[in-house]
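A quick write-up on the structure given underneath.
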Amino acid sequence: MNPFALLQADSVAEASAAAKDVRLSVLKAGGMDLLDLMKEGIAEPTQLVNLRTVRDPALRTIEAGRIGALATLADIARSDAVRASAPVIAKCAASAATPQVRNVATAGGNLLQRPRCWYFRNEQFNCLKKGGSTCYAVDGENRYHAVFGPGPCHIVHPSNLAVALLACDGVVSLAGGERATLPIAKLFHMPDRGIRDESNLEPGEVITSIAYSPAPVSGFFVVKERQSFDWPLTMAAVALKLDGRRIASARVCAGAVAPVPWSLPLVEKALQGVALDDEAALRAACAKSIDGAEPMRDNAYKLKLLPVAIRRAIADAAGAKEGQ
């Protein structure tokens, strides 16, 4: 690991200026993902800019409709305000990683973590994302890779929180640039719009908070090989608006199936007007989630898991409604 400087930032403005002006300067909050990248030889910053030393309480505040970027996943998961206003967000946060990681990892860091592709994470493979000419997942081990998107890189987006926030029409607040806000739907880009990074943040832009629309009837379901701490095989987040026992409208998003948090408009449309106890119609709507999927050799199993995850997320949302 090469030597680097450490800046203990006093303000967001100082952190932003440092990240914009210093070559290979990297912002650090909890640092969970960054530490892994540095140990793996993938990230070699010349300067780390520590956001945890910024004392602005707004960066850590959690309230109904707003989450500070430095709030930890553990704080989000146990927040009464989040659990009441959008239970899907609290449940997504609670499902991430391990308790030890959730106690340190932040909301902003979770959104901006790098892909967990084993070829990207292995310094011996000079893959597309590191400036090479090959996505090794195409002909290699692609069990955990994307089933949606044309490539040329087939990562899956690693953030649980982003999937829930997309379902709740989340918007990030920004400092350090010309933009004040950016919808979660526009925060990330597909690989064909840029291989080397995943977000649409400009140099020096810092996420300070995330706003979201209330979604009291919302749910989440994740499928993992080991439910305790493994990365998802697939996951689904739904936010419903009900007219009695019928679905008036729905927001349905999937994770671990595409390079970005994946909206499912065909499922949303098919769910309109469906009764919560109409099992056949619910299953038919959820089955539309795999339209347009293009699995690779080893990951077609995700096409069986995704409709089930969405159906169970809907059941979770309905249960949240009945528990009110």
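Just one of 37, 59 is open to solvent by less than 20 Å² (accessible area, probe 1.4 Å), of a type in the set (A, V, I, L, M) and over 23 Å from residue 180 (Cβ atoms); which is it? Steps first, please.
Values: 59 fails: over 23 Å from residue 180 (Cβ atoms).
Criteria check complete, one pass: 37.
Filtering the stretch 19-32 to residues that are in a helix (DSSP H, G or I) and surrounded by fewer than 19 Cβ atoms within 10 Å (Cβ to Cβ) leaves 20, 21.
Of the residues making up the stretch 44-53, those that are open to solvent by 20 Å² or more (accessible area, probe 1.4 Å) and not in a strand (DSSP E or B) are 44, 46, 51, 52, 53.
Scanning the stretch 259-268 turns up one or more residues that are surrounded by 21 or more Cβ atoms within 10 Å (Cβ to Cβ), in contact (Cβ under 8 Å) with a residue 60 or more places away in the chain and assigned to a strand (DSSP E or B).
Residue check: residue 156 meets all listed conditions (1) β-branched (Val, Ile, Thr); (2) touching a residue at least 60 places away in the same chain (Cβ under 8 Å); (3) open to solvent by 20 Å² or more (accessible area, probe 1.4 Å); (4) touching a Leu at 6+ places or on another chain (Cβ under 9 Å) but one, namely (4).
Rundown of residues vs (1) touching a Cys at 6+ places or on another chain (Cβ under 7 Å); (2) of a type in the set (A, V, I, L, M, F, W, C), yes/no style:
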residue	(1), (2)
205	no, no
208	no, no
213	yes, no
221	no, yes
226	no, no
232	no, no
238	no, yes
241	no, no
244	no, no
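Evaluate the following for residue 87: is it in contact with a helix residue (DSSP H, G or I) (Cβ under 8 Å, 6 or more places away or on another chain) and open to solvent by 40 Å² or more (accessible area, probe 1.4 Å)? For residue 87, the condition - in contact with a helix residue (DSSP H, G or I) (Cβ under 8 Å, 6 or more places away or on another chain) and open to solvent by 40 Å² or more (accessible area, probe 1.4 Å) - is not met. Within the stretch 204-252, take every residue that is among the basic types (Lys, Arg) and assigned to a loop (DSSP other than H, G, I, E, B) and give me the one that is least open to solvent (accessible area, probe 1.4 Å). Restricting to residues being among the basic types (Lys, Arg) and assigned to a loop (DSSP other than H, G, I, E, B), the top hit is 224.
Anything in the stretch 120-137 that is more than 25 Å from residue 27 (Cβ to Cβ) and under 23 Å from the mean Cα position of the chain (by Cα)? List them, or say none. Once the filter is applied, which keeps residues that are more than 25 Å from residue 27 (Cβ to Cβ) and under 23 Å from the mean Cα position of the chain (by Cα), the stretch 120-137 yields 135, 137. State all residues of the stretch 6-53 that are among the polar types (S, T, N, Q) and under 22 Å from residue 129 (Cβ atoms); if no residue qualifies, say none. Within the stretch 6-53, 25, 46 qualify. Among the residues of the stretch 122-132, those identified as touching a residue at least 12 places away in the same chain (Cβ under 8 Å) and either crowded, with 18+ Cβ neighbours inside 10 Å or in a loop (DSSP other than H, G, I, E, B) (or both) are 122, 123, 127, 128, 129, 131. On the stretch given as the stretch 13-27, residues that are touching a residue at least 60 places away in the same chain (Cβ under 8 Å) and within 23 Å of the chain's Cα centre (by Cα) total 3. Residue count for the stretch 189-203 under the criterion of being surrounded by 13 or more Cβ atoms within 10 Å (Cβ to Cβ) and touching a helix residue (DSSP H, G or I) at 6+ places or on another chain (Cβ under 7 Å): the result is 3.
When the stretch 174-204 is filtered for residues that are within 18 Å of residue 71 (Cα to Cα) and within 16 Å of the chain's Cα centre (by Cα), only 184 remains. Of the residues making up the stretch 274-307, those that are crowded, with 17+ Cβ neighbours inside 10 Å and either among the hydroxyl-bearing types (Ser, Thr, Tyr) or under 12 Å from residue 223 (Cα atoms) (or both) are 289, 302, 305, 306, 307.
For the stretch 81-97, indicate whether the set of residues that are at pLDDT 95 or above, farther than 26 Å from residue 309 by Cβ and not in a loop (DSSP other than H, G, I, E, B) is non-empty. Yes, some residue in the stretch 81-97 is at pLDDT 95 or above, farther than 26 Å from residue 309 by Cβ and not in a loop (DSSP other than H, G, I, E, B).
Only one residue in 159, 209 is under 20 Å from residue 84 (Cα atoms) and of a type in the set (Ser, Thr, Tyr). Which one?
Values: 159 fails: under 20 Å from residue 84 (Cα atoms).
Answer to the selection: 209.
If the requirement is being among the small types (Gly, Ala, Ser), at pLDDT 95 or above, closer than 26 Å to residue 83 by Cβ and touching a helix residue (DSSP H, G or I) at 6+ places or on another chain (Cβ under 7 Å), which of these qualifies: 255, 244? After applying the criteria, what remains is 255.
The values are calculated or read from the model by the stated rules, or taken from the named source; none is laboratory data. Only a predicted model underlies this, so the values are computations on that prediction, with no experimental measurement involved. All Cβ positions, glycine included, derive from the backbone under ideal geometry; neighbour counts span all protein chains shown. Protein only, heavy atoms only, side chains kept; ligands, DNA and RNA dropped before computing areas. Shrake-Rupley method; radii C 1.70, N 1.55, O 1.52, S 1.80 Å.
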